[in-house]
Ligand code: CUA
């Protein structure tokens, strides 16, 4: 056994310990019961063996006490597993709502990961994050289903074309960790790997400032919004052909077909690619599809821009050009 042998990867995120504890609890339960069944089997085989050819065993006609025991005990154990598992699941799926959460955009494509930080810094197959700050990834795929897996953080999520998934984590240990694609996605699936670097906060800031200069997703989204001509319809005023997007994110939007839709990442994405799916009340279905005109990272940037209009009151926001 090599000195670096580890049963499990390093516990490098806030919920890694919880996940492992639950895992060992499940293994413990399985071992205890498998062991008990084996011992009972062995004991009964010996204890109640047939001692002579004409020996007839005494018949047992059931026992309420016994049946209640083997129903209630497993039920209680299952409820513990359920409650504990639910807690770990929610801890791992709900990012804490804080100002300093870093929002990173991720797109998977055969066979690489592309990532972008809030300030515009881009990376391929690498992710740099600071120690002790929540990081939330919003992910989608350009082609087939991939899976973003960081074993040391005990976090893993499918990255699916046509929709957004997200994960979050807060790193608690400096170091370099594996990043894998954990969904078979074609010939070079096994090469779709990378590393996550957890750095001291000041080192992270240094790294960011030395990174490849790029526009922030919000700025890039604003530029795309103008380049694609979105602002020729989506503007303030009674004559606008499309609804103004200022302050729209997070609201319930009334639909032409009746009912409402929550304006979230998926709704905006759908409206860009399939404008006819959910037309806003009071508007004609005249928006063309932008399928093929804008790539996945582009859509993520448009979403980031539209999201940034969230804080502005309609009067404060400007429609450029
Ligand atoms: Cu991407 Cu496997």
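Each value in this text was obtained by applying a stated rule to the coordinates, not by laboratory testing. These numbers were taken from a predicted model, which means no experiment stands behind them. Because the Cβ atoms are built from the backbone with ideal geometry, glycine has one as well, and the counts that use them run over all protein chains shown.
Some observations on this one:
- Put in order of Cβ neighbour count within 10 Å, fewest first, the listed residues 111, 168, 84, 70 become 70, 84, 111, 168.
- Translational D in µm²/s for the range 101-158 (Stokes-Einstein at 20 °C, 1.002 mPa s, Kirkwood Rh from C-alpha pairs): 179 µm²/s
- 51, 301, 222 arranged by Cβ crowding within 10 Å, fewest neighbours leading: 51, 222, 301
- For 49, 136, order by how many other beta-carbon atoms lie within 10 Å, fewest first: 49, 136
- Subtracting the Cα-Cα distance of residue 45 and residue 176 from 0.36 nm times their residue separation leaves 41.8 nm of extension gain.
- DSSP bridge pairs, the range 91-181: antiparallel proportion in percent, nearest 5: 70 percent
- The relative contact order of the range 180-281, computed from alpha carbon pairs under 8 Å that lie at least 6 residues apart in sequence, is 13 percent.
- Label point of residue 122 set 7 angstrom out along Cα-Cβ; within the range 167-211, amide nitrogens under 16 Å from it belong to 211.
- Quarter of the Cα convex hull surface for the range 165-314, i.e. its orientation-mean projected area (nm²): 12.3 nm²
- Residue-span extension gain [residue 252 to residue 209] - 0.36 nm each, minus C-alpha spacing: 11.6 nm
- Taking 0.36 nm per residue of separation and subtracting the current Cα-Cα distance, fully stretching the chain between residue 55 and residue 187 would add 41.0 nm.
- Angle in degrees between helix 64-93 and the longest Cα principal axis of the chain, rounded to the nearest 10: 30 degrees
- Relative contact order %, the chain, counting alpha carbon pairs below 8 Å whose residues are six or more apart: 15 percent
- Expected-Rg normalisation [2.2 N^0.38 Å, Cα atoms] applied to the chain: 1.40
- Label-point separation in nm, residue 80 to residue 17, each point 7 Å along Cα→Cβ: 2.0 nm
- For the residues 68, 179, 302, a GNM of the chain with alpha-carbon springs under 10 Å puts the largest fluctuation on 68.
- If you plug the beta carbon distance of residue 90 and residue 219 into 1/(1 + (r/R0)^6) with R0 = 35 Å, you get a FRET efficiency near 0.55.
- Anisotropy class of the range 213-255 from Cα gyration tensor, a/c 1.5 cut: oblate
- Within the range 12-43, backbone nitrogen closer than 17 Å to the virtual label 7 Å beyond the Cα of residue 69 toward Cβ: 33-43
- For the range 109-140 versus the range 220-248, the gap between their alpha-carbon centres in whole angstrom: 28 Å
- Calculated mean residue ellipticity at 222 nm for the chain: -11000 deg cm²/dmol, from DSSP H runs with n ≥ 4 weighted as -39500 (n - 2.57), summed, divided by the residue count and rounded to 500.
- Cα gyration tensor category, rounded, prolate or oblate, for the range 146-236 with a/c compared to 1.5: oblate
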